[in-house]
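The values are calculated or read from the model by the stated rules, or taken from the named source; none is laboratory data. Values in this document were obtained by computation on a predicted structure and should not be read as measured data. A quick note on method: Cβ atoms are made from the backbone with ideal geometry, for glycine too, and the neighbour counts reach across all protein chains shown.
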Amino acid sequence: MSSPSLRSPLIDVLKGLACAAIVWHHLAFYGPMSDVAMPLAPGLVAWLYDYGRMAVQVFLVLGGYLAMASLAPQGLARFDSAPQQIVRRFGRLVLPYAVALLLAVLVAALVRPWFAHPSVPGQPGVLQLLAHALLLQNIVGEEALSAGVWYVAIDFQLFMLLVLLLAGVRAVPGLAPQPRVLMVRVLVVAGTAASLLWFNREPGLDMWAIYFFGAYGLGAMAFWAVQSERPARWLAGMALLGGLALALDFRMRILVALVSALGLVGALRLPLALPGGPVVRLLQQLGQISYSVFLVHFAVCLLVNALVHRMWPTAVGANALGMLVAFGLSLAAGRLLYLAVERRAPRGSPVPR
């Protein structure tokens with residue numbers, strides 16, 4: 001089966017849905033607009049607060065799928081230099097990330113004197129800024145300056161881990177291509193199993209790639225299932241790994257990752273076209289700019305929260321409207337960041353977005 005496009009409309013729609021869920025989760029989580037607006041839709045706000053973050057698992061699965069499709073579509077590394085791939089990925093991630101982080105720091109400095117709320121980050125120190133620049137903030141115990149910066153660090157770790165695995169297999173002497181492909185698959189499946197059954201059950205490891213490799217590995221397995229002439233074997237393997245992990249220790253995040261990976265395979269293998277209409281087109285467009293929206297939305301939501309709280313601290317309707325405005329402005333700011341920065345970042349050889 002031919003390799004699916006990295007710009008699949010379905011993948012963009014899924015990324016758009018997950019991105020919207022994350023923005024709304026943070027709007028519900030950080031308040032205070034959601035606290036005041038809660039009487040209008042208490043169930044919805046509570047659901048977004050508790051479960052909206054699960055959309056991260058969709059991004060992890062898609063990340064594994066796209067990474068494998070880009071780095072080793074035939075099962076072996078298609079790149080020449082692992083360090084070059086890692087540096088390129090770092091640059092593509094960090095360039096828009098740095099701009100969004102600077103905006104978050106400036107917004108926090110602007111609102112801090114008159115908006116006393118736990119969601120406002122403290123004034124950053126030099127070491128804190130350096131840790132963020134190197135994507136090490138969680139590892140060295142520095143307070144995050146923006147929501148979601150941990151995910152950027154994890155995405156980079158996961159990508160680097162996969163690049164090194166592929167490069168390591170290529171460096172093994174004396175192996176024919178097919179045994180190398182088998183070795184890649186065995187190592188990825190073993191890593192996925194180790195993460196699902198062990199590492200992901202240790203909360204203290206959640207600043208490391210091994211904690212999240214279960215969902216990422218399911219995405220890589222989903223890619224192989226989409227390409228395979230016998231996808232049932234891959235689907236059964238994914239279901240078995242996920243089922244064992246859930247039986248051992250039920251985690252909603254693992255269930256979401258498993259359903260996302262299995263559903264992705266089914267959707268990409270079935271010859272079904274996406275429905276038309278403006279909503280699907282908007283979600284597809286949102287998926288294309290989802291990384292920039294993910295990066296910049298915290299600063300936008302923080303500013304809108306501060307302004308609405310200052311002017312209408314107890315008005316339920318105004319705070320509900322403020323949440324809608326914050327969401328819309330987050331999408332607009334994300335599109336601007338995408339057009340001005342992310343799209344212009346040097347790409348080199350294809351890497352997943």
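In summary, residue 106 fulfils each of the numbered conditions (1) surrounded by 14 or more Cβ atoms within 10 Å (Cβ to Cβ); (2) modelled with pLDDT of 95 or more; (3) not small (Gly, Ala, Ser) with the single exception of condition (1). Only residues that are under 19 Å from residue 109 (Cβ atoms) and surrounded by fewer than 23 Cβ atoms within 10 Å (Cβ to Cβ) were counted across region 285-298, and they come to 0.
In the set (1) in contact (Cβ under 8 Å) with a residue 60 or more places away in the chain; (2) assigned to a loop (DSSP other than H, G, I, E, B); (3) in contact with an Asp or Glu (Cβ under 9 Å, 6 or more places away or on another chain); (4) not β-branched (Val, Ile, Thr), residue 92 fails one condition alone, (2). Restricting 143, 202 to those that are in contact with a Gly (Cβ under 8 Å, 6 or more places away or on another chain), surrounded by fewer than 22 Cβ atoms within 10 Å (Cβ to Cβ) and closer than 27 Å to residue 52 by Cβ reduces the list to 143. Of everything in region 340-350 that is within 20 Å of the chain's Cα centre (by Cα) and part of a helix (DSSP H, G or I), the residue that is modelled with the highest pLDDT is 342.
Restricting attention to region 96-140, the residues that are hydrophobic (A, V, I, L, M, F, W, C) and touching a Lys or Arg at 6+ places or on another chain (Cβ under 8 Å) add up to 3. Residues that are of a type in the set (Asp, Glu) and crowded, with 20+ Cβ neighbours inside 10 Å: does region 12-25 have at least one? Yes: region 12-25 contains one or more residues that are of a type in the set (Asp, Glu) and crowded, with 20+ Cβ neighbours inside 10 Å.
Being more than 30 Å from residue 228 (Cα to Cα) and either part of a helix (DSSP H, G or I) or free of Cβ contacts under 8 Å to residues at least 12 places away in the same chain (or both) is a property that holds for residue 141. Evaluating residue 189 against the criteria (1) crowded, with 18+ Cβ neighbours inside 10 Å; (2) more than 30 Å from residue 233 (Cα to Cα) leaves one unmet condition, (2). The conditions of being without any contact (Cβ under 8 Å) to a residue 60 or more places away in the chain, buried (at least 18 other Cβ atoms within 10 Å of the Cβ) and under 30 Å from residue 251 (Cα atoms) are met by residue 135.
The set of residues in region 242-271 that are without any contact (Cβ under 8 Å) to a residue 40 or more places away in the chain and under 15 Å from residue 14 (Cα atoms) comprises 259, 263, 266. None of 148, 122 is at positive phi, in contact (Cβ under 8 Å) with a residue 12 or more places away in the chain and out of contact with any strand residue (DSSP E or B) (no Cβ under 6 Å at 6 or more places or on another chain) except 148. Would you check if there is a residue in region 228-249 being within 20 Å of the chain's Cα centre (by Cα), over 21 Å from residue 51 (Cα atoms) and not hydroxyl-bearing (Ser, Thr, Tyr)? Within region 228-249, none of the residues are within 20 Å of the chain's Cα centre (by Cα), over 21 Å from residue 51 (Cα atoms) and not hydroxyl-bearing (Ser, Thr, Tyr).
Counting the residues of region 193-247 that are within 16 Å of residue 267 (Cα to Cα) and among the polar types (S, T, N, Q) gives 2.
Only one of the listed residues (116, 109, 100) is closer than 28 Å to residue 323 by Cβ, of a type in the set (A, V, I, L, M) and outside any helix (DSSP H, G or I). That residue is 116. If you go through region 35-73 and pick out every residue that is part of a helix (DSSP H, G or I), among the small types (Gly, Ala, Ser) and more than 30 Å from residue 170 (Cβ to Cβ), you end up with 5. Condition test on residue 220, is it surrounded by fewer than 16 Cβ atoms within 10 Å (Cβ to Cβ) and either without any contact (Cβ under 8 Å) to a residue 60 or more places away in the chain or among the hydrophobic types (A, V, I, L, M, F, W, C) (or both)? So residue 220 fails the test.
The residue list 324, 282 contains one member that is free of Cβ contacts under 8 Å to residues at least 60 places away in the same chain, surrounded by fewer than 24 Cβ atoms within 10 Å (Cβ to Cβ) and assigned to a helix (DSSP H, G or I), which is 324. Can you find even one residue in region 207-226 that is over 20 Å from the mean Cα position of the chain (by Cα), assigned to a helix (DSSP H, G or I) and more than 17 Å from residue 63 (Cα to Cα)? Among the residues of region 207-226, not one is over 20 Å from the mean Cα position of the chain (by Cα), assigned to a helix (DSSP H, G or I) and more than 17 Å from residue 63 (Cα to Cα), which makes the answer no.
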